[in-house]
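The values are calculated or read from the model by the stated rules, or taken from the named source; none is laboratory data. Remember, it's a predicted structure, so these values are computed and weren't measured experimentally. Reconstructed Cβ throughout: ideal geometry from the backbone, glycine too, with neighbour counts over all protein chains shown.
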Amino acid sequence: MTMIQSGKGFVDLFPPKSDLFTSIEATARDVFAGYGCRELRTPIIEYTELFVRGIGDETDVVQKEMYSFPDRKGRSMTLRPEATAGVLRACIQHKLLRQDEVLKFFTLGPMFRYERPQMGRQRQFHQINVEILGSASHLVDVDMLFMLHRFLSEIGLTGLEYQLNSLGCAACRPTFRAALEDYLRDVDQTGLCEDCRRRMTTNPLRVLDCKVPGCKALTTGAPVITDHNCDSCRVHFDAVTDLLGRSRLQVTLNPLLVRGLDYYQRTTFEVVSTSIGAQSSVAGGGRYDGLVKQLGGPDVPGIGFACGLERLAMLAPEQPDPGVDVYIAVHAEPLLEKALEIAQVLRGQRFSVEFPYAFRSLKSQMRSANKAGARFALMLDPDGAAQCTVAVKDMRDGEQFVLSEADLPSQLLSRMAGGA
Ligand code: HAM
């Protein structure tokens, strides 16, 4: 029979990588809790309309990357390509948004985009996503960037660049868009990629952050978005950059940073690494004041970001395998059930314990103990079992000693804590 493989761009996660994912997620939970951010889980499948309206029908994500299919009643459903639209839908649907209240949510889980797979880019990938709803203050923008920075630092990421831009708002963006359209119409367009030729009329801002060299070259003399920001956008962005300038978080202003989703307004940012190849963005986000209303909710401002877990894992330092606390070896087959009994007692005291399910030579069992990275090996023999004692080997220094079964948990614990 031929083997069935996973789909292209759909990746299996197994140890040690799955351990790294779990540990990064645990750090996220821990850091976010310090900022009052709680978990919101939304469905992986939503009505297609939500993403078309939320992300924008001229974006690459909606135009060519969504996994959409009709359900049995013929309604178009989509595997979520990102979390923001679903989180906002949930907040609106369950009436969680109240005047003068700030909501902070994080969401972890798989997202789906039909993109060409390459290093750091998959069709099913995982995001760590945060949204803060209910405040237009520049303090939120800065506090969120601090939270992101703390999280990325705690998982051991260094050498990242925090890029910042302001995309203006519904009042001032049209002026910039018109200036950009004029500019693009007048330049020699032969170098533009096929996508950007389309974007020139549908979504000209996206031409600015196209990575194709011909398109990049054309942006050199292009109008600068922050020069076209209205007074209130300028005041907001100045307040953000002033505050960041007085902090230890170094940011780089990048007037070409546009982001691929249409909902952004004012502050936008991306965290970029130089060491993971072409897919260098490890996190991205920004303000989306107006989006909640556009999705049928109250006029509540919001800001958020998402990190790509695969990209974080590529950059995070390797973690040593913690190994098990105890491996129980036996001198004779009938003692395997005794091993099971002792394992249960120790696990009840929060030790991690392994023992063999089939009898093998003691030498082979000790090899397994080593492979499992055990701190202690217990060696059960018939005499000890009769006297309720256990021979123990401290695998760290090779010392061997005998303990009574009753004392096992406390004695092992005190050795692990560096005691006797
Ligand atoms: P995004 O920039 O589309 O933003 O994605 C955020 C991050 O997800 C990227 O920086 C990247 O690390 C990761 N990512 C995206 N696509 C892939 C892929 N195909 N394979 C691997 N990783 C990928 C958003 O999704 C916004 N919803 C973020 C946001 C939240 N803005 C406001 N709130």
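Identify, please: which residue in the stretch 262-312 is of a type in the set (Val, Ile, Thr) and more than 24 Å from Lys95 (Cα to Cα) and is, among those, nearest to the ligand (Cβ to nearest atom)?
Only one residue fits best here, namely Val282.
Any idea how many residues of the stretch 208-218 are within 27 Å of the chain's Cα centre (by Cα) and part of a helix (DSSP H, G or I)?
1
Of the residues Arg113, Arg75, Arg29, Arg38, which single one is surrounded by fewer than 17 Cβ atoms within 10 Å (Cβ to Cβ), in contact with a Lys or Arg (Cβ under 8 Å, 6 or more places away or on another chain) and basic (Lys, Arg)?
Arg38
In this structure, does Arg75 turn out to be at pLDDT 95 or above and under 26 Å from Ser23 (Cα atoms)?
Taking the combined requirement at face value, the residue does not satisfy it.
May I ask you to list the residues in the stretch 77-117 that are in a loop (DSSP other than H, G, I, E, B), among the hydrophobic types (A, V, I, L, M, F, W, C) and touching a helix residue (DSSP H, G or I) at 6+ places or on another chain (Cβ under 7 Å)?
Within the stretch 77-117, just Leu97 meets the criteria.
Looking at Pro322 and the list (1) in contact with a Lys or Arg (Cβ under 7 Å, 6 or more places away or on another chain); (2) of a type outside the set (Ser, Thr, Tyr); (3) more than 7 Å from the ligand (Cβ to nearest atom), which single condition is not satisfied?
(1) is the only condition that Pro322 fails.
Check the stretch 84-107 and report whether any residue there is within 12 Å of the ligand (Cβ to nearest atom) and small (Gly, Ala, Ser).
For the stretch 84-107, residues within 12 Å of the ligand (Cβ to nearest atom) and small (Gly, Ala, Ser): present.
Given the criterion surrounded by fewer than 16 Cβ atoms within 10 Å (Cβ to Cβ), farther than 22 Å from Asp57 by Cα and in contact with a Phe, Trp or Tyr (Cβ under 9 Å, 6 or more places away or on another chain), identify the matching residue among Gly245, Gly221, Gly156.
So the residue among Gly245, Gly221, Gly156 that is surrounded by fewer than 16 Cβ atoms within 10 Å (Cβ to Cβ), farther than 22 Å from Asp57 by Cα and in contact with a Phe, Trp or Tyr (Cβ under 9 Å, 6 or more places away or on another chain) is Gly221.
Filter the stretch 133-163 for residues that are outside any helix (DSSP H, G or I), of a type in the set (Gly, Ala, Ser) and modelled with pLDDT of 95 or more and give the result.
Gly134, Ser135, Ala136, Ser137, Gly156
Could you check Gly54 against (1) over 22 Å from Val292 (Cα atoms); (2) in a helix (DSSP H, G or I) and say which number it fails?
It is condition (1) that Gly54 fails.
Among (1) in a helix (DSSP H, G or I); (2) out of contact with any strand residue (DSSP E or B) (no Cβ under 9 Å at 6 or more places or on another chain); (3) in contact (Cβ under 8 Å) with a residue 24 or more places away in the chain; (4) farther than 18 Å from Val300 by Cβ, where does Gln63 come up short?
(3)
Are any residues in the stretch 118-132 surrounded by fewer than 16 Cβ atoms within 10 Å (Cβ to Cβ) and not in a strand (DSSP E or B), and if so, which ones?
Met119
For the stretch 203-215, which residues satisfy the criterion of being modelled with pLDDT of 85 or more and either surrounded by fewer than 18 Cβ atoms within 10 Å (Cβ to Cβ) or small (Gly, Ala, Ser) (or both)?
Val212, Pro213, Gly214
Could you check how many residues of the stretch 129-148 are of a type outside the set (Phe, Trp, Tyr), more than 15 Å from the ligand (Cβ to nearest atom) and under 20 Å from the mean Cα position of the chain (by Cα)?
1
Just one of (1) assigned to a helix (DSSP H, G or I); (2) under 35 Å from the mean Cα position of the chain (by Cα); (3) buried (at least 17 other Cβ atoms within 10 Å of the Cβ) trips up Arg347, so point out which.
(3)
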